[in-house]
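Some notes on the structure that comes next.
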Amino acid sequence: MSKITAAITAVGGYVPEYVLTNQILETMVDTNDEWIVTRTGIRERRILKEEGKGTSYLAIQAAKDLLEKSNTDPKDIDMVILATATPDMPVAVTGVYVASEIGAVNAFSYDLVAACSSFLFGMSTAAKYIESGRYKKVLLIGADKMSSIIDYEDRATCIIFGDGAGAVLFEPNEEGLGVQDEFLRTDGVGRPHLKIDAGGSILPASAETVANKQHYVFQDGRTVFKFAVSNMAEVSEKIMERNGLSGEDVHWLVPHQANKRIIDATASRMNLPEEKVMINIDKYGNTTSATLPLCLRDYEKQLKKGDNIVFAAFGGGFTWGSLYLKWAYNSN
Ligand code: UT7
């Protein structure tokens, strides 16, 4: 019997309707379109405005899009992994609610938290369940309502993040397509540089933490940028080396969309021309766990069976890594 590999067999996505442009941000904080575009590549982002709707709403829409497009019966799904940094609430697992709402009544589910690398690490996790032979359909969703943890008076963060969700279905493949290799890394040195101070077990919520704005994301951008540029490029180069891939062999880079300059540096180290790099940061900003699957959603029609795809991400913790996958289908 040939070895089972874990292939992506369907893709879906969702972004909310409300568009927060650089021009609108200019009226909210001391910033300008030119600075944002040249320093980050972002022109606009989507925000989930409706009260009472959280990350689960985004995740459900993305999952439904996938189910509809691929004609998948939710009852056939064995497992739902929700990659997120912004669960609906602590304790009650958001992925479980999402699974129930989409009708995945035979699945078990949990949330996977690794900041901006959540989806990448989720791909690794989903692939292992498939490769074990025990599960046939694993739905991996990356979703974040970043607007729920951003201070719209802090220009260092509010210009970067947006809301969105993407989903992929993993299934067994016997042609050798799907996940080939991964190189995942973490380092606790990153903890002070990208975090939310309060609301966790160290500093529970209080009137004081709210007054001090400690429930919002803090980012020391310059330090994170330095680590992200060198580490994302390094792991991407490493996975190519390890698998004997040159720039010509790689059809696509799917990079985390945190900053266009980080993406360009990674592509350059991999010897990839711009047209092989998936980019949608201009439209959505940094949607944290949703950047990679939203890229797949936007570029799906251009992907061909057998394409060599390298995924790369970097996020809080620090967490980062790369993953090499062979695309399993032609979408046209
Ligand atoms: O996804 C998780 C991982 N996150 C990342 O990978 C993000 C990594 N970091 C970055 O992308 C960048 O560091 C930022 C986009 C956050 C910031 O860009 P930067 O080029 O590192 O800017 P900086 O923080 O070094 O600031 C440069 C200047 C400063 O002014 P002075 O001190 O040189 O006078 C800032 O005060 O730009 C100023 N500045 C702004 N100006 C206009 C900072 N934010 C803004 C702003 N608008 N929004």
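No lab work stands behind these numbers, since they all come straight from the coordinates. Since the structure is predicted, the reported quantities are computational estimates derived from the model, not experimental observations. When we count neighbours, we look across all protein chains shown, and the Cβ atoms used for this are built from the backbone with ideal geometry, even at glycine.
Annotations for the structure displayed:
- Where only alpha carbons of the range 202-257 are counted, the Rg and the Dmax (Å): 19.1, 56
- Average Cα contact separation per residue, the chain, under 8 Å, 6 or more apart, as relative contact order %: 25 percent
- For the range 179-326, average projected area of the Cα convex hull in nm²: 9.7 nm²
- Average Cα contact separation per residue, the range 31-181, under 8 Å, 6 or more apart, as relative contact order %: 28 percent
- For the chain, convex hull of alpha carbons as volume per residue, Å³: 133 Å³
- Each helix, a run of at least 4 DSSP H residues, gives -39500 (n - 2.57); summed and divided by the residues of the chain, these come to -9000 deg cm²/dmol at 222 nm.
- Fewest-first ranking of Ser322, Ser124, using other Cβ atoms within 10 Å as the exposure measure: Ser124, Ser322
- All lysines inside 20 Å of Lys276 as judged from Cα atoms, apart from same-chain residues fewer than 8 positions distant: Lys238, Lys260, Lys301, Lys304, Lys305, Lys326
- Cα gyration tensor category, rounded, prolate or oblate, for the range 5-176 with a/c compared to 1.5: prolate
- Of the DSSP H helices in the chain, those whose Cα atoms cover at least 30 Å axially and whose Kyte score averages 1.6 or more: none
- Of all DSSP bridge pairs formed entirely within the chain, close to 70 percent run antiparallel.
- Three-way shape call for the range 10-61 based on the alpha-carbon gyration tensor, with the a/c threshold at 1.5: oblate
- Packing-based exposure ordering (other Cβ within 10 Å, fewest first) of Cys295, Cys158, Cys116: Cys158, Cys295, Cys116
- Rough spin-label spacing in nm, given labels placed 7 Å along Cα→Cβ, for Ser206 and Glu50: 3.8 nm
- The order of the peptides 8-14, 144-150 by mean Cβ neighbours within 10 Å, most packed first, is 8-14, 144-150.
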